[in-house]
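Only the coordinates and a few stated rules stand behind these numbers; no lab work does. Keep in mind it's a predicted model, so treat the numbers as computed, not measured. Here the Cβ positions follow ideal geometry from the backbone for every residue, glycine too, while neighbour counts run over all protein chains shown.
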Amino acid sequence: MRELKIFFVVVFFTGLVYWGVEPFAHSVMNPPSTPVTFNFAKADEEFLKQEIITKTKALEEIKTSGNEKAIMNSQKALDTAIQREEQVKQIWDKVSKIDFSKGDAKKGREIFEGNCIACHGIKAAGIPASITDSSSFGVTPPDLSDAGDIYDEKFLAALIIDPVNAMQISHKFNDEKPFVMPAYPLSGDETQDNNDLANLIAFLKNTATNYEKDFEAKLKVQLEKKYAKKQDLSDTDKAALIVKEINFAKDKQVFENACGRCHDVKYDGFVSSSNMSDLKNYLGIIPPDLSMMIRSKGEHYLNIFINEPQKKIHGTAMPRVGLNEKSQTQVINYLEKVGDSKKEEREKTGIYVMIFFVILSIFAIGWKRTIWSKLH
């Protein structure tokens, strides 16, 4: 009877911690946020609407203090949020009118060479980069060989029209501190502008498709040569290992092009293409090494943070990068393979450990009954 009471006490406090304390602590340390969405126009609408609600409440609270300076600053913050909401709405209205299916890749190349080539290169299209380090802008301008594949096409259009608002970094860059990438010089002719943007993105998508095919084909040839020398493996094992290495290389490639200009992954020997001191001047902070980020934050958190950084860390210097769903999954897969390479092995071992404890419990109960039966 005594053991039963102890058991119920343990169950009670375990349940209290598991269903009471832990969820409360989690809600404080990791506030709930709206689900991940790759409809960036809708995400912006919801985010900015909540921003205005929050700033309106803050203004009402500050008014009760009678602090004129604080009231003035709070009102300014609210006005800025309302203004930004209108600006962002105009961007997505413009994007919604673009017919991406009518884009002409050949004309898009001409637009790229007339505007984007000053900063960006596209190795896959034989266009070398004119700026290859971070000394000029604080961050190395990206090569856009696979931009058409890893980024959402509507986000790309919004990014070209208004980089600051598309990436949600208006709190970092403004008229006093302009962003390094200028907005595309729209002509004012809506039809012409829409055609230009559709053509430019068609060029990026066409280039990315060819780039991906060439990358995988070359990698496959290299791996087949590598595993041809391993006589101890069966053809089935070789094929499986080749597929595994190709998938890892593709995931890593997406990470490098989407995140590798700011972040290191030292566990994989990867170093950012930008100088850290340049990045600190550019962002105001040194971006973290991401080797163990999957273990410290978890897949769920990273999914939300990569998709919409402001949801998790309001005011963060990290821009929204606009990855499509497939590419975001690849980035997280890469971080998991590097930072949690033993996950599969650990999960399998966990099952065996649970089985062991079940068997041990059965023997323990049997042993207890045997001992106590002799005492009674």
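Worth a mention:
- Packing order of peptides 238-248, 266-276, highest average first: 266-276, 238-248 (average count of other Cβ atoms within 10 Å over each peptide's residues).
- Kyte-Doolittle mean at least 1.0 and Cα axial length at least 18 Å: DSSP H helices in the chain: 2-16
- At R0 = 30 Å, FRET efficiency that the Cβ-Cβ distance of ALA240 and VAL271 yields, to 0.05: 0.45
- Cut-off under 5 Å, modelled amide H: who pairs with PHE270 long-range: VAL265
- Here LYS374 is the anchor, and the aspartates and glutamates within straight C-alpha reach of less than 20 Å, apart from those fewer than 8 places off in the same chain, are GLU3.
- Filter on LYS205/LYS297; LYS107/LYS250; LYS123/LYS226; LYS102/LYS205; LYS218/LYS297 - keep pairs with C-alpha separation over 23 Å: LYS205/LYS297; LYS107/LYS250; LYS123/LYS226; LYS218/LYS297
- Loop-located GluC sites (Glu not before Pro) in region 169-243 whose Cβ has at most 14 other Cβ within 10 Å (DSSP): GLU176
- Net charge dipole size for region 1-154 [Lys, Arg +1 and Asp, Glu -1 on Cβ; Debye, nearest 20]: 320
- Efficiency of FRET from Cβ geometry, LYS5 and THR370, R₀ 22 Å, rounded to 0.05: 0.45
- FRET efficiency for THR64 and HIS171, using Cβ-Cβ distance with R0 set to 25 Å, rounded to 0.05: 0.45
- Recomputing Cα extents along the principal axes in Å from the coordinates shown identifies the correct label among (1) 54, 48, 43; (2) 63, 48, 39; (3) 96, 79, 40 as (3).
- Phi angles of region 166-176 translate, via the Karplus equation with coefficients 6.51, -1.76, 1.60 and θ = phi - 60°, into HN-Hα couplings of 5, 8, 6, 10, 5, 6, 9, 10, 8, 5, 6 Hz per residue; Gly and Pro are given as x.
- Spatial separation of Cα centroids for region 197-241 and region 292-319, in angstrom: 30
- Charges were assigned to the Cβ only: +1 to each Lys and Arg, -1 to each Asp and Glu. The resulting dipole of region 30-121 about its Cα centre is roughly 140 debye.
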